[in-house]
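The structure appears below as structure tokens.
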Amino acid sequence: MSRLFALLASLCVCAAHAERIEVQVTNTQGQAVSEAAVYLEPVSGKAPKGKLSGVIDQIDKEFVPLVSVVQTGTAILFPNKDNVRHSIYSFSPAKTFELKLYSGTPAAPVVFDKPGQVVLGCNIHDWMTAYLLVVESPWFGKTGKDGKVVLSELPAGDFVLKVWHPYQVAAAADQRVKVGAGANQRFAFRLKVEPPASNRNASY
């Protein structure tokens with residue numbers, strides 16, 4: 001029983017000292033950029049493993065979500081919720097695969113075991129595109145419509161803060177940040193983004 005209490009106490013202490021940061025991403029006109037992947041990498045040492053499962057749906061002949069960010073080793077399911085069959089593929093160096101014509105949910109997920117950018121498509125519906133960023137960190141998130149994201153449950157320490165967007169014209173400079181009591185908790189990036197011609201009215 002005493003060991004149980006000690007374990008619970010240590011968990012409470014860790015939770016009490018878990019840190020958070022807020023990141024704002026805007027474009028060159030100062031407008032909020034949604035769907036930007038934001039993540040932290042430790043300056044030294046190896047990041048621990050986090051949740052290693054995910055889902056990318058196909059709904060109304062579109063991928064949902066448009067942008068995903070996961071840690072290396074994540075197994076992703078691709079449920080088809082349409083009443084037509086899809087054939088999902090990627091030719092990206094970080095992950096090349098194909099799920100041939102299917103309905104419902106494939107029996108086995110696809111494991112993304114290398115870091116990098118992955119572009120997803122459908123062999124049947126050419127307009128279907130989604131983007132996946134695979135990172136070697138469990139500390140990541142994606143900006144909302146307001147261009148903001150909060151990364152929480154962070155350990156204290158020195159990190160490199162990075163941002164990525166599938167429509168970026170050029171990569172933003174990484175930021176060296178310190179996470180912990182008394183450290184700055186708000187950061188900002190400015191990205192030059194250019195949506196595809198078919199999506200010029202999007203708010204990026």
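Identify the residues of region 100-141 with backbone N under 16 Å of a label point that sits 7 angstrom from the Cα of ASP82 along the Cα-to-Cβ direction, or state none. Residues passing the 16 Å test: 100-106, 120-131.
Within the shell defined by Cβ-Cβ distances under 14 Å, the residues around PRO166 carry a net charge of 0, with Lys and Arg each +1 and Asp and Glu each -1. Here the contact order of the chain, divided by its residue count and restricted to Cα pairs under 8 Å and six or more residues apart, works out to 30 percent. The value of relative contact order for region 98-137, using C-alpha pairs under 8 Å at least six residues apart, is 34 percent. Across the options THR105, PRO166, GLN185, the greatest Cα extent toward the positive end of the charge dipole of region 68-204 (unit charges at beta carbon of Lys, Arg, Asp, Glu) belongs to GLN185.
Where the only charges are on Cβ atoms (+1 Lys, Arg; -1 Asp, Glu), what is the dipole of region 64-117 about its Cα centre, to the nearest 20 debye?
On the way: 5 positive and 3 negative charges, 10 e Å.
Dipole size: approximately 40 debye.
What length, rounded to one decimal in nm, is gained on full extension from ALA18 through to GLU62, with 0.36 nm per residue of separation minus their alpha-carbon distance? Roughly 12.2 nm would be gained on extension.
Accessible surface comparison of TYR89, TYR39, probe 1.4 Å, protein chains only, largest first: the order is TYR89, TYR39.
Each Lys and Arg contributes +1 and each Asp and Glu -1, all at the Cβ; summed about the Cα centre of region 42-191, the dipole is approximately 360 debye. Evaluate E = 1/(1 + (r/R0)^6) for VAL111 and VAL160, where r is the Cβ-Cβ distance and R0 equals 30 Å; express this FRET efficiency to the nearest 0.05. Calculated transfer efficiency: 0.70. Against the longest alpha carbon principal axis of the chain, how many degrees, from 0 to 90 and to the nearest 10, is the axis of helix 2-16 turned? Rounded to the nearest ten degrees, it is 70. The Cα atoms of region 48-204 give a gyration tensor whose axes a ≥ b ≥ c have a/c of 1.5 or more with a/b greater than b/c, which makes the shape prolate. Close Lys pairs in the chain, defined as Cα atoms under 16 Å apart and 8 or more places apart or on different chains, number 12.
Surface composition of the chain: carbon and sulfur atoms hold 53% of the protein heavy-atom accessible area at a 1.4 Å probe. Given contacts defined as C-alpha pairs under 8 Å and at least six residues apart, what's the relative contact order of region 35-144, whole-number percent? The value is 35 percent.
Quick one: net charge of VAL64's neighbours, Cβ under 10 Å, K/R +1, D/E -1? Present the calculation step by step, with values, prior to reporting the outcome.
On the way: positive: LYS81; negative: ASP57, ASP60, GLU62.
With Lys, Arg at +1 and Asp, Glu at -1, the net is -2.
The alpha carbon gyration tensor of region 76-138 gives principal lengths a ≥ b ≥ c with a/c of 1.5 or higher and a/b greater than b/c, which makes the shape prolate. With 0.36 nm allotted per residue and the present C-alpha distance subtracted, the ARG186-TYR102 stretch has 25.8 nm of extension available.
Of the DSSP beta bridges with both residues in the chain, give the percent that are antiparallel, rounding to the nearest 5. Bridges in the chain are about 75 percent antiparallel.
The values are calculated or read from the model by the stated rules, or taken from the named source; none is laboratory data. All values reported here derive from a predicted model rather than from experimental measurement. Backbone-built Cβ (ideal geometry, glycine too); neighbour counts: all protein chains shown. The area values use the complete protein model at the heavy-atom level, side chains included, leaving out ligands, DNA and RNA. Shrake-Rupley method; radii C 1.70, N 1.55, O 1.52, S 1.80 Å.
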